[in-house]
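The values are calculated or read from the model by the stated rules, or taken from the named source; none is laboratory data. All figures in this text were calculated on a predicted structure; none of them were measured in a lab. For neighbour counting, all protein chains shown are included, and Cβ atoms are generated from backbone atoms with ideal geometry for every residue, glycine included. These accessible areas exclude ligands, DNA and RNA; they are computed on the full protein's heavy atoms, side chains included. Shrake-Rupley method; radii C 1.70, N 1.55, O 1.52, S 1.80 Å.
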Amino acid sequence: MDLGIKGKVALVTAASRGLGFAVAERLSREGASVSICGRSRERIDSAAEAIIKKTGGEVTAFEADVTDHLAVKEMVQEIKKKFGSLNIVVCNAGGPPPGMHHDFSIEDYRAALELNLLSTINLCYEALPFMKERRWGRIVAITSVAAKQPLDNLILSNTARAGVLGFIKTLSNQVASLGITANCVCPGYTKTERVEELAKKFVTDGKGSEEDFYDTLIAAIPAGRVGTPDEFAKTVAFLVSEGAGYINGVALQIDGGFYRGII
Ligand SMILES: NC(=O)c1ccc[n+]([C@@H]2O[C@H](COP(=O)([O-])OP(=O)(O)OC[C@H]3O[C@@H](n4cnc5c(N)ncnc54)[C@H](OP(=O)(O)O)[C@@H]3O)[C@@H](O)[C@H]2O)c1
């Protein structure tokens with residue numbers, strides 16, 4: 001299926017590895033000119049090289065922390081200067097630390113809101129003028145299934161990501177008539193480097209084997225497995241496609257059925 005995004009200009013933030021990397025690679029395979037960013041020049045350059053090697057596409061790497069609003073502004077301006085526009089934005093960031101309410105101060109909440117909520121709002125504000133100019137745009141915010149079904153030991157994430165759902169839904173109502181869609185995706189457990197690191201830590205902490213770690217996760221997943229970054233990326237690629245122009249304001253779980261609600 002042709003997604004109709006050949007030649008579109010895309011930005012995927014927090015993409016030196018994991019879900020962001022997989023999405024950037026997929027969009028590059030589909031023929032988009034992809035820009036990516038991360039906090040380390042070395043890591044983001046090697047991610048860009050890896051994507052170019054796999055897809056032969058055009059990939060531009062930026063060293064930018066998504067919580068640095070000025071750096072994000074400059075990156076978006078640079079993309080506009082180089083490619084003439086910005087059509088697709090995938091908002092991603094790292095996750096805040098795990099813990100219960102008594103583990104955190106108000107400053108920890110402020111940092112989590114900067115990382116996951118305000119970074120998304122800022123990026124949308126920077127990108128929207130270019131999308132409005134062309135009367136075409138696709139925004140996808142990567143959140144978490146915890147935004148819909150809060151997980152006890154992830155109070156920072158639950159709080160910040162629910163805000164993203166509220167922001168993106170409201171924004172989607174306000175830009176739809178301009179040919180712009182805004183949606184959220186809510187990943188469940190997906191086997192990225194981060195999850196592999198958690199599995200290793202589980203072993204070194206003496207809690208059991210890697211198999212035990214995955215068994216614990218899988219117990220709550222009807223699909224009986226964790227997801228792959230590639231299947232996550234293919235779903236996001238569909239949401240930013242030409243054909244998904246009438247999908248607007250949704251928060252789509254990509255979680256093997258982990259979320260137990262019906263809406
Ligand atoms: N994988 C899952 O099972 C899962 C499930 C639910 C939700 N999520 C959420 O989905 C997002 C991606 O997950 P992942 O598993 O791909 O995580 P990951 O493997 O830890 O990758 C995170 C990426 O974000 C970049 N990054 C982190 N903080 C950044 C910042 N402030 N500015 C710019 N880049 C930043 C990192 O690169 P640098 O270190 O080079 O900056 C890295 O490329 C996270 O928010 C995570 O909490 C993941």
Can you tell me the order of 188-196, 94-102 when each peptide is scored by its average per-residue count of other Cβ atoms within 10 angstrom, highest first? 188-196, 94-102
Applying a 10 Å radius around every beta-carbon, put 228-235, 141-148 in order of their mean neighbour count, most first. 141-148, 228-235
Going through LYS8/LYS81; LYS73/LYS234; LYS81/LYS169; LYS53/LYS201 one by one, the pairs whose alpha carbons sit over 23 Å apart turn out to be LYS73/LYS234; LYS81/LYS169; LYS53/LYS201
To the nearest 20 debye, what is the magnitude of the charge dipole of the chain about its Cα centre, counting +1 on the Cβ of each Lys and Arg and -1 on the Cβ of each Asp and Glu? 900
Roughly what would the spin-label model give for ALA71 and ARG135, points 7 Å off Cα along C-beta, in nm? 3.8
Set the Förster distance to 41 Å, then compute FRET efficiency between ASP215 and ASP108 from the Cβ-Cβ distance, nearest 0.05. 0.85
D (Stokes-Einstein, µm²/s), Kirkwood Cα radius, the chain, 1.306 mPa s at 10 °C: 85
Please list 25-34, 208-217, 150-159 highest first by mean number of surrounding beta-carbon atoms within 10 Å per residue. 25-34, 150-159, 208-217
Per residue, how large is the accessible surface of the chain? Use a 1.4 angstrom probe and give square angstrom. 47
Per the 1.4 Å probe, what fraction of the accessible area of the chain, in percent, lies on carbon and sulfur atoms? 53
Theoretical ellipticity at 222 nm over the chain - DSSP helices of four or more residues, -39500 (n - 2.57) apiece, nearest 500: -14000 deg cm²/dmol
Once each part is reduced to its C-alpha centroid, what is the distance from the range 159-237 to the range 76-145 in angstrom? 16
